[in-house]
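The values are calculated or read from the model by the stated rules, or taken from the named source; none is laboratory data. Fair warning: this is a prediction, and the values are worked out from it, not measured in the lab. Glycine also receives a Cβ, built like all others from the backbone with ideal geometry; neighbour counts cover every protein chain displayed. Side chains are part of the model used for accessible areas, which takes the heavy atoms of the whole protein and leaves out ligands, DNA and RNA. Shrake-Rupley method; radii C 1.70, N 1.55, O 1.52, S 1.80 Å.
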Amino acid sequence: MLMKKSVLALSLVLLAGCGGGSGNSEPPPPPPLALENLSHTTSQHWLPVTGSFANALSTTGSAQLLRIEQNGQVVQPVQGRYALNGALLEVDGLNYRLTPLSNQTVSFRYTLQQAGRQGSATLQLAAPLSDPLAPEQWHLVNTGQTSYALSDSFRDALIEMLINNPDEPMSRSQATSLVNQLFSEYRNQLRPGFDVDLLPLFAAGIFGQGSVSVVVDSGLQLTHEDLAANILAGRSLNLVDGSADPSPELDLSRPNAGDHGTSVAGIIAAEGWNGVGGRGVAPNSLLMAINLLADEYAGGLDDEWLVHGLDDSVISEGDNISAFNRSYGVTLPVMQGYSLLEEELHRFSVEDLRSGKGALNVKSAGNEFEFYGYEGDFCQQNGANELGLSCYNANMESSQQTPYYTIVAAMNPNGHKSSYSSAGANLVLTAPAGEDGDLLPAIVTVDLMSCQYGYSSEAAAAGFDDAIGDGAFAGFYPFDSGAHPDNPQCNYTSRFNGTSSAAPMVSGVAALLLEAEPSLTARELQHLLISTARRVHPEDPVIRLSLPNGSFEAHSGWVENAAGFAFNNHYGFGLVQAGAAFQRLQQGNWQLPAKQYSAWHGTALYSDGNPANLAVPDHSAAGVSMALAMPEQLVVETVQLKLTVRNPELLEFGRITEQGSTQTSAGNDLAVVLISPAGTRSVLLASRQALLLPALDEDWAIQDGYILKDSVFRSNAFYGEASAGNWTVEVYDLAADSFAVQDTEFDFDWIENNAELSRLDGAALRIVGHSKE
Amino acid sequence: MTFAKQLCVIVCFIAFSATSLAETTFGAYRLLQPEQVQQLSLQQNRQSKAQFAAASSSANTASLQGMVQANSLVINRYSGKPGRVSGQLLLLLEDQADIVSLLTKFPLTVLQQQRQLVLLQADSHTDLLALREQLLQLSEVKSVRLDVREQRYKTR
């Protein structure tokens with residue numbers, strides 16, 4: 001290869017000489033420019049080294065870079081950036097910045113020209129100090145890597161399964177062709193660039209130093225080889241035994257279960273550049289853990305108090321908490337009741353901690369876009385799955401209705417939502433999480449140490465093999481099988497996913513940005529993330545429901561509001577972008593005026609106490625509407641809508657009919673839309689969502705006869721708009737279907753279209769925002 | 001039907017259909033009667049049995065007479081999981097409310113207070129549902145929740 005390049009260079013020099021000739025008196029071509037080879041013997045993966053090509057010249061004087069070649073190919077720059085195999089080269093004059101993107105040695109040739117003479121030499125970057133798994137962590141730097149999905153062993157396993165399918169066996173060539181086609185389709189979904197945009201912060205030397213993330217989860221294995229260095233010593237809490245060690249109990253009777261909290265913690269703050277495992281989003285930040293979700297623990301209100309930072313014996317107001325990571329939730333097929341107590345607990349975290357600057361409450365949105373379990377096959381039978389509507393709405397969970405949680409959706413490596421990620425108008429951000437790690441990548445993160453326990457364990461393999469067939473686990477998930485050279489001790493997994501994975505990405509980014517600017521309030525931090533989020537999946541389609549008298553837009557895709565913020569019920573404001581937020585931070589002007597709350601302004605039930613009793617037409621695009629006057633002028637950060645809609649047929653136990661245990665369709669059919677004075681439309685409830693039971697009140701007592709009762713929806717779609725003026729709430733009944741259902745936990749057999757019309761009794765609005773300055 | 005679902009159906013049946021018994025409910029919870037406690041303990045899976053055993057060990061007999069008090073055993077009607085009433089209450093006070101004067105009227109001890117939130121412990125043998133109603137009647141009190149220790153959340 002080197003020989004060829006020399007010949008090519010010589011030919012170019014000769015051609016250049018011949019082309020310029022006009023006679024026998026032409027002087028001989030100048031001798032080649034003598035250049036030194038350059039090298040960098042130490043570097044760190046993803047961290048740039050700098051230098052100057054001028055150091056290769058033996059004489060001073062102006063020179064210029066003519067070209068860069070790698071492996072015999074000329075690499076064309078784009079705005080001064082050369083995308084090399086294994087590194088990124090940025091050039092300004094003769095100065096360069098070289099960022100290693102692989103764990104391997106990288107070399108390339110450069111050609112300079114000085115005083116009419118040209119010469120070439122080699123620049124070599126030795127293998128950087130790294131973490132062996134970091135190049136497969138697509139969520140950090142997405143290069144289109146497979147992250148151990150789409151493996152050869154998986155391909156082979158699928159082919160064998162098709163060949164040995166007893167119902168419809170295939171020939172080897174048929175099976176191979178089919179699987180290759182499948183792999184090709186999925187490989188096309190690996191799109192470089194859809195990641196959390198870390199490198200600008202890393203390049204600036206920001207790794208989360210000093211920031212503390214509190215992982216409220218199942219536990220945290222404090223001694224894990226890739227976490228131990230980042231544990232805030234003595235500050236975690238085991239709620240089961242009262243100790244400061246929330247490491248999970250290793251239960252030999254359940255060895256195939258990973259420790260969820262340990263894997264979440266790894267996404268935030270796995271140690272960087274230590275030669276083992278992968279890397280956290282904020283690899284120098286610190287971790288505290290509270291094992292609220294430990295299998296053997298039953299939590300209470302004192303724990304809620306504690307995990308929101310109100311117990312100053314555990315978390316003091318001066319602790320530099322950047323975020324509480326909450327990769328958990330409560331899913332029920334019902335609108336959960338809004339709780340003022342919850343609101344106040346949440347508020348404390350984001351307003352009082354960190355000496356009044358606050359910590360983010362980062363919350364996973366939910367994994368119930370397609371199904372959960374309580375509802376059986378309800379979301380298949382009602383058409384939600386086929387239409388592409390979310391089975392559960394992220395606004396159904398009470399904790400996600402308050403203004404104080406930063407709710408995070410999940411995304412695949414192609415920038416599209418993960419199949420399971422719940423939708424709602426209350427989402428704030430999206431972050432990588434992926435799918436299952438077989439056809440599409442999941443997240444590579446830490447797992448319990450040893451091959452005896454965890455997601456990557458012999459027991460996990462045995463359980464999978466029992467269900468699918470001998471050797472299936474090793475075929476599908478080779479990295480987790482114990483036999484993979486990159487994971488020989490089974491201390492890591494490539495199968496972690498869910499919105500549980502997405503939330504800690506944002507927690508990690510929060511840790512980075514608070515190192516960059518410690519004076520940021522939690523609210524300003526969220527504002528930075530919102531205003532720099534990336535609009536992924538721009539072609540996300542509108543979903544329109546056809547009705548006898550028109551149509552209804554049940555999902556609007558991306559909607560740009562009157563303040564210029566684009567919002568999407570699948571993505572919130574979009575993919576979190578650490579680098580873009582950092583850049584905005586450096587530009588200044590990120591401070592927000594003090595937070596203000598409007599009063600609740602309502603009508604009918606919420607004004608004079610009298611229910612409006614507006615009948616909602618069945619199966620109609622007409623719906624009913626109410627005007628809501630908002631006299632207070634604020635710049636909107638979030639909006640809460642309270643409303644009551646009743647239908648006497650919606651009862652906890654339904655009723656018995658010829659079809660068996662029957663529930664009304666009134667909850668299923670309901671859609672709610674809020675429209676701002678500027679005309680921005682936000683779908684709060686799309687219909688076909690799993691409202692199988694009557695609404696719950698604040699204490700979660702069921703409210704027979706009510707689909708929504710004092711229920712509160714949060715919408716972020718109006719961010720930045722002016723609040724004053726007339727808002728409109730629209731309520732629809734969008735279906736007339738009756739259908740059988742199976743396997744609901746509440747034993748319903750049949751959903752019957754409501755004979756009674758649903759009725760809207762009142763609505764009220766509250767704005768959280770700031771004054772217009 | 002999976003074992004878990006069978007279990008839920010059984011539990012839900014116990015929780016929902018014992019109409020002949022004098023039922024005590026609050027929020028998501030139903031107070032368990034002695035025979036329900038026994039039946040449930042036989043039908044729980046291994047993990048829930050362990051939780052249930054722990055909860056039962058500190059249960060007192062007063063809860064079995066229909067009054068909710070500290071250590072009463074309950075079942076969450078949605079998750080089907082058992083819980084134990086701790087005797088703690090969480091209060092949200094109106095702005096400027098004086099907790100000290102409030103406490104002199106009730107058998108309560110302040111555990112912690114932040115902003116307008118107060119975490120309280122009721123004296124043992126207090127009828128907690130009655131106490132809750134009394135507290136809600138006060139103009140200083142916006143909201144009250146009785147504490148039930150249970151596994152409420154799931155990982156995502």
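Among the criteria (1) without any contact (Cβ under 8 Å) to a residue 60 or more places away in the chain; (2) open to solvent by less than 10 Å² (accessible area, probe 1.4 Å); (3) part of a loop (DSSP other than H, G, I, E, B), the one A:Trp305 does not fulfil is (3).
Among the conditions (1) modelled with pLDDT under 95; (2) more than 14 Å from every other protein chain (Cβ to nearest Cβ); (3) open to solvent by less than 30 Å² (accessible area, probe 1.4 Å), B:Ala97 misses just one, which is (2).
Going by what's in this entry, would A:Glu730 be described as within 14 Å of another protein chain (Cβ to nearest Cβ), open to solvent by 10 Å² or more (accessible area, probe 1.4 Å) and over 26 Å from the mean Cα position of the chain (by Cα)? Show your work before the answer.
On the way: within 14 Å of another protein chain (Cβ to nearest Cβ): no; open to solvent by 10 Å² or more (accessible area, probe 1.4 Å): yes; over 26 Å from the mean Cα position of the chain (by Cα): yes.
When the stated conditions are applied, A:Glu730 does not pass them.
Picking from residues in the stretch A:364-408 that are in a loop (DSSP other than H, G, I, E, B) and polar (S, T, N, Q), the one that is surrounded by the most Cβ atoms within 10 Å (Cβ to Cβ) is A:Ser390. Of the strands (runs of 3 or more DSSP E) entirely within the stretch A:528-628, those holding at least 1 residues that are aromatic (Phe, Trp, Tyr) and in contact (Cβ under 8 Å) with a residue 40 or more places away in the chain occupy A:550-555, A:595-597.
Go through A:Ala740, A:Ala695 for me and flag whichever is over 30 Å from B:Leu90 (Cβ atoms) and in contact with a Gly (Cβ under 9 Å, 6 or more places away or on another chain).
Values: A:Ala695 fails: over 30 Å from B:Leu90 (Cβ atoms).
Going through A:Ala740, A:Ala695 in turn, the sole match is A:Ala740.
On inspection, A:Arg759 fails the criterion of being away from chain B (no Cβ under 14 Å), among the basic types (Lys, Arg) and under 32 Å from the mean Cα position of the chain (by Cα). Within the stretch A:320-360, the set of residues being under 26 Å from A:Ile267 (Cβ atoms), assigned to a loop (DSSP other than H, G, I, E, B) and out of contact with any Gly (no Cβ under 8 Å at 6 or more places or on another chain) comprises A:Val330, A:Lys357, A:Gly358. Residues of the stretch B:113-128 that are in contact with a strand residue (DSSP E or B) (Cβ under 8 Å, 6 or more places away or on another chain) and surrounded by 18 or more Cβ atoms within 10 Å (Cβ to Cβ): B:Gln116, B:Leu117, B:Val118, B:Leu119, B:Leu120, B:Gln121, B:Ala122, B:Thr126, B:Leu128. In the set (1) surrounded by fewer than 23 Cβ atoms within 10 Å (Cβ to Cβ); (2) within 13 Å of chain B (Cβ to nearest Cβ); (3) in contact with a helix residue (DSSP H, G or I) (Cβ under 9 Å, 6 or more places away or on another chain); (4) not β-branched (Val, Ile, Thr), the condition left unmet by A:Asn274 is number (2).
Number of residues in the stretch A:1-35 that are within 16 Å of A:Ser107 (Cα to Cα), at pLDDT 80 or above and surrounded by fewer than 13 Cβ atoms within 10 Å (Cβ to Cβ): the value is 0. Residues to consider are A:Glu649, A:Glu698; find the one that is more than 14 Å from chain B (Cβ to nearest Cβ) and either of a type outside the set (Ser, Thr, Tyr) or touching a Pro at 6+ places or on another chain (Cβ under 6 Å) (or both). Sole residue among the options that is more than 14 Å from chain B (Cβ to nearest Cβ) and either of a type outside the set (Ser, Thr, Tyr) or touching a Pro at 6+ places or on another chain (Cβ under 6 Å) (or both): A:Glu649. Annotation: of all residues in the stretch A:172-231 being loosely packed, with under 15 Cβ neighbours inside 10 Å and of a type in the set (Ser, Thr, Tyr), the one that is farthest from the chain's Cα centre (by Cα) is A:Ser173.
Does A:Ile268 count as touching a Pro at 6+ places or on another chain (Cβ under 7 Å) and under 23 Å from A:Gln400 (Cα atoms)?
Details: touching a Pro at 6+ places or on another chain (Cβ under 7 Å): yes; under 23 Å from A:Gln400 (Cα atoms): yes.
For A:Ile268, the condition - touching a Pro at 6+ places or on another chain (Cβ under 7 Å) and under 23 Å from A:Gln400 (Cα atoms) - is met.
Looking across A:Val215, A:Val179, one residue alone is touching a helix residue (DSSP H, G or I) at 6+ places or on another chain (Cβ under 6 Å) and assigned to a helix (DSSP H, G or I). It is A:Val179.
Hey, can you tell me all the residues within the stretch A:55-64 that are in a strand (DSSP E or B) and open to solvent by 30 Å² or more (accessible area, probe 1.4 Å)? Working first, answer last.
Our first condition is that a residue be in a strand (DSSP E or B); within the stretch A:55-64, this holds for A:57, A:64.
The one that is in a strand (DSSP E or B) and open to solvent by 30 Å² or more (accessible area, probe 1.4 Å): A:Gln64.
Does A:Leu292 count as within 10 Å of another protein chain (Cβ to nearest Cβ) and open to solvent by 10 Å² or more (accessible area, probe 1.4 Å)? Step through it out loud before you land on a result.
On the way: within 10 Å of another protein chain (Cβ to nearest Cβ): yes; open to solvent by 10 Å² or more (accessible area, probe 1.4 Å): yes.
Against the criterion (within 10 Å of another protein chain (Cβ to nearest Cβ) and open to solvent by 10 Å² or more (accessible area, probe 1.4 Å)), A:Leu292 qualifies.
Residues in the stretch B:130-156 that are outside any strand (DSSP E or B) and either surrounded by fewer than 16 Cβ atoms within 10 Å (Cβ to Cβ) or over 19 Å from the mean Cα position of the chain (by Cα) (or both): B:Ala130, B:Glu133, B:Gln134, B:Leu136, B:Gln137, B:Leu138, B:Ser139, B:Glu140, B:Arg156.
Taking A:Ser665, is it at pLDDT 95 or above, surrounded by fewer than 18 Cβ atoms within 10 Å (Cβ to Cβ), over 23 Å from A:Gln526 (Cα atoms) and of a type in the set (Ser, Thr, Tyr)?
Values: at pLDDT 95 or above: yes; surrounded by fewer than 18 Cβ atoms within 10 Å (Cβ to Cβ): no; over 23 Å from A:Gln526 (Cα atoms): yes; of a type in the set (Ser, Thr, Tyr): yes.
No, not satisfied.
Annotation note: Cβ proximity below 9 Å between a residue of the stretch A:334-350 that is touching a residue at least 12 places away in the same chain (Cβ under 8 Å) and within 8 Å of chain B (Cβ to nearest Cβ) and a residue that is of a type in the set (Asp, Glu) and open to solvent by 10 Å² or more (accessible area, probe 1.4 Å) (sequence gap 6+ or interchain) occurs for A:Ser339/A:Glu698; A:Ser339/A:Asp699; A:Leu340/A:Glu698; A:Leu341/A:Glu304; A:Leu341/A:Glu698; A:Leu345/A:Glu304. Scanning the stretch A:207-245 for residues that are more than 14 Å from every other protein chain (Cβ to nearest Cβ) and within 21 Å of B:Glu150 (Cα to Cα) gives A:Leu237, A:Asn238, A:Gly242, A:Ser243.
Checked against (1) crowded, with 19+ Cβ neighbours inside 10 Å; (2) part of a loop (DSSP other than H, G, I, E, B); (3) hydroxyl-bearing (Ser, Thr, Tyr), A:Ser243 meets all criteria but (1).
Taking the criterion of being facing chain B (nearest Cβ under 9 Å), in contact with a strand residue (DSSP E or B) (Cβ under 7 Å, 6 or more places away or on another chain) and open to solvent by less than 30 Å² (accessible area, probe 1.4 Å), would at least one residue in the stretch A:312-322 satisfy it? So far as the stretch A:312-322 goes, no, none of its residues is facing chain B (nearest Cβ under 9 Å), in contact with a strand residue (DSSP E or B) (Cβ under 7 Å, 6 or more places away or on another chain) and open to solvent by less than 30 Å² (accessible area, probe 1.4 Å). Residues in the stretch A:481-502 that are touching a Lys or Arg at 6+ places or on another chain (Cβ under 6 Å) and under 24 Å from A:Val276 (Cα atoms): 1 in all.
Does A:Val276 count as modelled with pLDDT under 95, in contact with a Leu (Cβ under 9 Å, 6 or more places away or on another chain) and farther than 30 Å from A:Val741 by Cβ? Before the answer, list the steps.
Details: modelled with pLDDT under 95: no; in contact with a Leu (Cβ under 9 Å, 6 or more places away or on another chain): yes; farther than 30 Å from A:Val741 by Cβ: yes.
For A:Val276, the condition - modelled with pLDDT under 95, in contact with a Leu (Cβ under 9 Å, 6 or more places away or on another chain) and farther than 30 Å from A:Val741 by Cβ - is not met.
Would you kindly identify the strands (runs of 3 or more DSSP E) lying entirely within the stretch A:72-113 that contain at least 3 residues that are touching a Leu at 6+ places or on another chain (Cβ under 7 Å) and at negative phi? Can you show your working first?
Details: elements: A:73-75, A:81-84, A:87-92, A:95-100.
Of the strands (runs of 3 or more DSSP E) lying wholly inside the stretch A:72-113, those with at least 3 residues that are touching a Leu at 6+ places or on another chain (Cβ under 7 Å) and at negative phi span A:87-92, A:95-100.
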